[in-house]
Amino acid sequence: MGIAGSILDAVADLGPVALHVAASGLAFGETAIFLDFIVPGEVGMVVAGAAAARSGAPLVTMILAAAVGATLGDTASYFVGRRWGRPILCRYEWVRKRMEPKIARAEGWFDERGGMAVFLGRFVGALRAVVPLAAGLGKMPYRRFLPWNIAASLAWGTLTVSLGWFVGDEIADVVDRAGWAISLVVVLGAAAWFLVRRARRR
């Protein structure tokens with residue numbers, strides 16, 4: 001068994017209850033605390049789905065756990081944007097530089113697509129964490145935001161968790177087989193970057 005398979009086994013050993021909590025927590029955190037900027041939410045959901053399949057946790061309840069977490073996370077982000085969005089962006093320079101371009105792009109989506117932007121934004125990694133925030137900033141009515149949010153969360157949770165559930169083992173096998181190749185590419189890339197940087201300094 002490779003490293004990826006061992007990791008899946010370790011996660012599966014947490015048990016069904018912990019897996020449901022973890023899936024919901026990850027889905028919540030990616031938009032509520034912008035965890036998606038560090039680790040894409042799809043990665044966590046695919047791992048959770050694969051681990052659930054190994055542990056015997058029901059697929060339907062795992063999907064619902066992910067969808068509930070995503071809905072609550074988007075709702076929290078929406079109300080942060082509605083209540084404190086602009087002051088937070090203007091107060092901290094590093095936040096403003098990182099978030100303003102993404103929010104501007106998300107607001108452009110709202111101008112073109114309306115409520116559908118909430119649904120589609122859930123599936124675009126660069127926009128997922130900021131679309132709910134932009135909806136709040138734009139004072140989109142919550143009664144309009146919520147149905148789109150629920151529909152997007154259910155569709156996203158179904159897609160990502162099911163992917164891990166049905167093909168997680170195959171993905172783990174590919175990762176294990178490609179592990180040495182990936183490591184070699186990373187090492188060569190780092191060495192090339194170091195040499196180029198050193199040559200420029202000279």
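Taking the criterion of being closer than 20 Å to ILE150 by Cα, under 18 Å from the mean Cα position of the chain (by Cα) and either in a helix (DSSP H, G or I) or at pLDDT 65 or above (or both), would at least one residue in the range 92-102 satisfy it? Checked the range 92-102: no residue is closer than 20 Å to ILE150 by Cα, under 18 Å from the mean Cα position of the chain (by Cα) and either in a helix (DSSP H, G or I) or at pLDDT 65 or above (or both). Scanning the range 122-145 for residues that are among the hydrophobic types (A, V, I, L, M, F, W, C), part of a helix (DSSP H, G or I) and crowded, with 24+ Cβ neighbours inside 10 Å yields a total of 4.
Flag: TRP148 does not match the condition of being at pLDDT below 85 and either assigned to a helix (DSSP H, G or I) or open to solvent by 10 Å² or more (accessible area, probe 1.4 Å) (or both). Of all residues assigned to the range 59-68, none qualifies as being assigned to a helix (DSSP H, G or I), at pLDDT below 85 and surrounded by fewer than 24 Cβ atoms within 10 Å (Cβ to Cβ). Scanning the range 5-28 for residues that are over 12 Å from GLY164 (Cβ atoms) and either outside any helix (DSSP H, G or I) or modelled with pLDDT under 85 (or both) gives GLY5, SER6, ILE7, ASP9, ALA10, ASP13, LEU14, GLY15.
The values are calculated or read from the model by the stated rules, or taken from the named source; none is laboratory data. Remember, predicted model here, so these are calculated numbers, not experimental data. When we count neighbours, we look across all protein chains shown, and the Cβ atoms used for this are built from the backbone with ideal geometry, even at glycine. In case anyone asks, the SASA skips ligands and DNA or RNA and just uses the protein heavy atoms, side chains included. Shrake-Rupley method; radii C 1.70, N 1.55, O 1.52, S 1.80 Å.
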